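The values are calculated or read from the model by the stated rules, or taken from the named source; none is laboratory data. Given the structure is predicted, the values throughout are model-derived calculations rather than measurements. We place every Cβ from the backbone using ideal geometry, glycine too, and count neighbours over all the protein chains shown.
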């Protein structure tokens, strides 16, 4: 199974995704913001990062830019409650291929994760 990092400032979403993917046998770590995510990446090598676009301090795009400096291969699913086309284009430039709109369907997200990790 895979290493997954969940980055979201909402504890309920972090916990939901943690439980859902741990139940499927994945090793899951959680971060509540970009800075915490970058700190976790010092010791944790995820195959997939599921990250919120809008977070305080460091948003998802800025966090992803930092991550890409040392890991260009990790797959990323970006979650957003805001369908801002310009922001999504910036995410695509950083290699994001999958977006999930909040509120999301957990079963749909699980399917995306399975496809990405195959």
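Looking at 116, 100, just one residue is assigned to a helix (DSSP H, G or I) and under 14 Å from the mean Cα position of the chain (by Cα), and that residue is 116.
Whether any residue in segment 69-92 is surrounded by fewer than 14 Cβ atoms within 10 Å (Cβ to Cβ) and touching a helix residue (DSSP H, G or I) at 6+ places or on another chain (Cβ under 8 Å) is what I want to check. Checked segment 69-92: no residue is surrounded by fewer than 14 Cβ atoms within 10 Å (Cβ to Cβ) and touching a helix residue (DSSP H, G or I) at 6+ places or on another chain (Cβ under 8 Å).
Checking each residue in segment 1-17 for being outside any strand (DSSP E or B), surrounded by fewer than 18 Cβ atoms within 10 Å (Cβ to Cβ) and either out of contact with any helix residue (DSSP H, G or I) (no Cβ under 9 Å at 6 or more places or on another chain) or without any contact (Cβ under 8 Å) to a residue 24 or more places away in the chain (or both) picks out 9, 10, 11, 12, 15. Total residues in segment 55-94 satisfying the condition of being more than 22 Å from residue 111 (Cβ to Cβ) and in contact (Cβ under 8 Å) with a residue 40 or more places away in the chain: the figure is 3. Looking at this structure, is residue 70 over 14 Å from residue 32 (Cα atoms), in a loop (DSSP other than H, G, I, E, B) and in contact with a strand residue (DSSP E or B) (Cβ under 7 Å, 6 or more places away or on another chain)? Against the criterion (over 14 Å from residue 32 (Cα atoms), in a loop (DSSP other than H, G, I, E, B) and in contact with a strand residue (DSSP E or B) (Cβ under 7 Å, 6 or more places away or on another chain)), residue 70 does not qualify.
How many of the residues making up segment 28-55 are assigned to a strand (DSSP E or B) and closer than 17 Å to residue 96 by Cα? Residues that pass the stated criteria total 5.
Residue 55 falls short of the stated requirement of being surrounded by 14 or more Cβ atoms within 10 Å (Cβ to Cβ), at pLDDT 95 or above and closer than 17 Å to residue 5 by Cα.
Here segment 18-47 is the region considered, the condition is being in contact (Cβ under 8 Å) with a residue 40 or more places away in the chain and closer than 16 Å to residue 106 by Cα, and the residue that is farthest from the chain's Cα centre (by Cα) is 24.
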